[in-house]
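Participant: Please see the structure below; I have some questions.
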Amino acid sequence: MILDKLILALLSKNTYRGLSLLIGFIFCIQSIHASLSFSYRTFSENDGLSHGQITHFVQDRQGYIWLSTWNGLNMFDGQRFHVYKANPG
């Protein structure tokens, strides 16, 4: 509804000017949308995670991601998981 009014206002004054502003507006919105998109990857025990349920996570200053699970502490270095388990006793 608001976009329709904006389009009509732009086109009613000067067709070529309004059309160029409209095209610029569309490219601007498209750029904003592209910058907001992201991708993600899921990991499981098949990827080396010690357990499928993560209880806590934090990223350290070196960029490593530390994940605590019910079956140990995991460090992800961007390529693979390093699992640290408590020694019983």
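Participant: Go through the range 65-89 and report how many residues are open to solvent by 90 Å² or more (accessible area, probe 1.4 Å) and under 24 Å from the mean Cα position of the chain (by Cα).
Facilitator: 2
Participant: Mind counting the residues in the range 13-40 that are assigned to a loop (DSSP other than H, G, I, E, B) and either at pLDDT 70 or above or under 20 Å from Phe76 (Cα atoms) (or both)? Please lay out each step first, then the result.
Facilitator: Within the range 13-40, the first condition is being assigned to a loop (DSSP other than H, G, I, E, B), and the residues that meet it are 14, 37-40.
If we keep only those that are either at pLDDT 70 or above or under 20 Å from Phe76 (Cα atoms) (or both) as well, we get 38-40.
Summing the residues that are assigned to a loop (DSSP other than H, G, I, E, B) and either at pLDDT 70 or above or under 20 Å from Phe76 (Cα atoms) (or both) in the range 13-40 gives 3.
Participant: Any residue that is touching a helix residue (DSSP H, G or I) at 6+ places or on another chain (Cβ under 6 Å) and either acidic (Asp, Glu) or at pLDDT below 90 (or both) - is there at least one of those in the range 58-74?
Facilitator: no
Participant: Could you please tell me which pairs satisfy a Cβ distance under 7 Å, a separation of 6+ or placement on different chains, a first residue in the range 21-45 that is within 29 Å of His82 (Cα to Cα), and a second residue that is at pLDDT 70 or above and not acidic (Asp, Glu)?
Facilitator: From residues that are within 29 Å of His82 (Cα to Cα), the pairs are Phe43/Leu49; Ser44/Gly52; Glu45/His51; Glu45/Gly52.
Participant: I'd like to verify a number: residues in the range 41-89 that are of a type in the set (S, T, N, Q) and not in a loop (DSSP other than H, G, I, E, B), how many?
Facilitator: Here the count works out to 6.
Participant: Scan the range 53-64 residue by residue and report those that are in contact with a strand residue (DSSP E or B) (Cβ under 7 Å, 6 or more places away or on another chain), open to solvent by 60 Å² or more (accessible area, probe 1.4 Å) and not aromatic (Phe, Trp, Tyr).
Facilitator: Scanning the range 53-64 gives Gln53, Ile54, His56, Val58, Gln59.
The values are calculated or read from the model by the stated rules, or taken from the named source; none is laboratory data. All values derive from a computational prediction rather than experimental measurement. Heads up, the Cβs are rebuilt from the backbone with ideal geometry, glycines too, and the neighbour counts pull from every protein chain shown. Remember, those area values only see protein heavy atoms, side chains included, never the ligands or the DNA or RNA. Shrake-Rupley method; radii C 1.70, N 1.55, O 1.52, S 1.80 Å.
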